[in-house]
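S.K.: Pasting a structure here, questions to come.
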Amino acid sequence: MRKILQGLGVLVFLIGVSGAIDHLWYQPLFGIVLNSFNRFVIPNVSFLQEYALFANLAVAALGGALVLAMEALAPERRG
């Protein structure tokens with residue numbers, strides 16, 4: 001379960017970074033998946049429209065925090 005949540009965290013991180021890149025410039029790679037937050041959520045929430053870059057970076061930070069939290073919960077490896 002930890003690895004699944006880590007994978008989800010990586011995906012959320014990539015969605016946030018890709019949305020920030022798409023907001024500043026153009027991001028052509030995996031646009032329908034990686035820019036989903038930037039294209040489907042932000043236009044429908046009026047508060048986020050004003051702070052689109054901040055919202056995308058917050059999504060990236062949440063994804064990074066999820067990855068780090070799951071890594072902290074990893075069982076200790078014995079050598």
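S.K.: For the Cα atoms of the chain, what angle does the longest principal axis make with the long axis of helix 52-72, in degrees from 0 to 90, nearest 10?
M.R.: Roughly 10 degrees, rounded to the nearest 10.
S.K.: Measure out, as a whole number of angstrom, how far apart the alpha-carbon centroids of segment 8-55 and segment 57-72 sit.
M.R.: With segment 8-55 and segment 57-72 each reduced to a Cα centre, they are spaced 16 Å.
S.K.: While we're here: Once both axes come from the Cα atoms, what is the angle between helix 2-24 and the longest principal axis of the chain, in degrees from 0 to 90, rounded to 10?
M.R.: That helix lies at roughly 30 degrees to the long axis.
S.K.: Moving on. Using a 1.4 Å probe on the protein heavy atoms, what percent of the accessible area of segment 1-73 belongs to carbon and sulfur?
M.R.: Using a 1.4 Å probe with all protein chains present, segment 1-73 comes out at 77 percent carbon and sulfur.
S.K.: Multiply the residue separation of residue 24 and residue 57 by 0.36 nm, subtract the distance between their alpha-carbon atoms, and state the gained length in nm to one decimal. Please list the in-between numbers first.
M.R.: Values: separation 33, 0.36 × 33 = 11.88 nm, distance 1.18 nm.
Result for the pair: 10.7 nm of gain on full extension.
The values are calculated or read from the model by the stated rules, or taken from the named source; none is laboratory data. Treat the numbers as computed from the prediction; the structure is a model and nothing was measured. The accessibility values were calculated without ligands, DNA or RNA, using every heavy atom of the protein model including side chains. Shrake-Rupley method; radii C 1.70, N 1.55, O 1.52, S 1.80 Å.
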